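K.L.:
Take a look at this one; I'll ask things after.
The values are calculated or read from the model by the stated rules, or taken from the named source; none is laboratory data. Note that the structure is predicted; figures quoted are calculated from it, not measured. Here the Cβ positions follow ideal geometry from the backbone for every residue, glycine too, while neighbour counts run over all protein chains shown. When the accessible area is computed, the model is the full protein with side chains, heavy atoms only, and any ligands, DNA or RNA have been set aside. Shrake-Rupley method; radii C 1.70, N 1.55, O 1.52, S 1.80 Å.
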Amino acid sequence: MVENYVKSIASAICELDNNKYPLSHYMAYGWDGLREAGYTSKRLTETEDTQYCSLRDIVEVNTQICN
């Protein structure tokens with residue numbers, strides 16, 4: 001159930017960033033938000049998490065919404 005919200009959160013942030021990058025670049029934001037709320041998922045592998053975080057870093061260096 002929790003995973004249903006990750007894509008929605010990522011999509012909203014992508015829109016705020018004027019869709020500069022593919023949705024995959026914003027997925028870490030969705031997972032981070034759910035983690036902070038105390039939710040976890042066995043569906044997110046460590047490899048996927050690392051990849052999403054790397055893509056998020058690209059967004060954070062190149063956008064104004066995170067600053």
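K.L.:
Angle, helix 46-61 long axis vs. longest principal axis of the chain, Cα atoms, 0 to 90°, nearest 10?
P.N.:
20 degrees
K.L.:
Right, here's the next one. Find out how many positive minus negative residues lie around L55, taking Lys and Arg as positive, Asp and Glu as negative, among other residues whose Cβ is under 13 Å from that of L55.
P.N.:
With Lys, Arg at +1 and Asp, Glu at -1, the net is -4.
K.L.:
Moving on. I'd like to check one number: the per residue accessible area of the chain, probe 1.4 Å, reported in Å² as a whole number.
P.N.:
Accessible area per residue: 69 Å².
K.L.:
So if I take the alpha carbon set of the chain, get Rg, then get Rh from the Kirkwood formula, what is the Rg over Rh ratio?
P.N.:
Values: Rg = 11.4 Å, Rh = 11.9 Å.
So for the chain, dividing Rg by the Kirkwood Rh gives 0.95.
K.L.:
Chymotrypsin sites (Phe, Trp or Tyr not before Pro), restricted to region 23-67: which are DSSP loop and have at most 16 other Cβ atoms within 10 Å?
P.N.:
When the chymotrypsin sites (Phe, Trp or Tyr not before Pro) of region 23-67 are filtered for loop state and at most 16 Cβ neighbours within 10 Å, Y39 remain.
K.L.:
Ignoring everything but the protein chains, give the 1.4 Å probe accessible area of L44 in square angstrom, nearest 10.
P.N.:
Accessible area of L44: about 30 Å².
K.L.:
How far is helix 27-36 tilted off the main Cα axis of the chain, in degrees rounded to 10, range 0 to 90?
P.N.:
Here the helix axis deviates by roughly 50 degrees.
K.L.:
In the chain, what percent of the accessible surface is made up of carbon and sulfur (1.4 Å probe, ligands and nucleic acids excluded)?
P.N.:
51 percent
K.L.:
In debye to the nearest 20, how big a dipole does the chain give about its Cα centre with +1 on each Lys and Arg Cβ and -1 on each Asp and Glu Cβ?
P.N.:
160 debye
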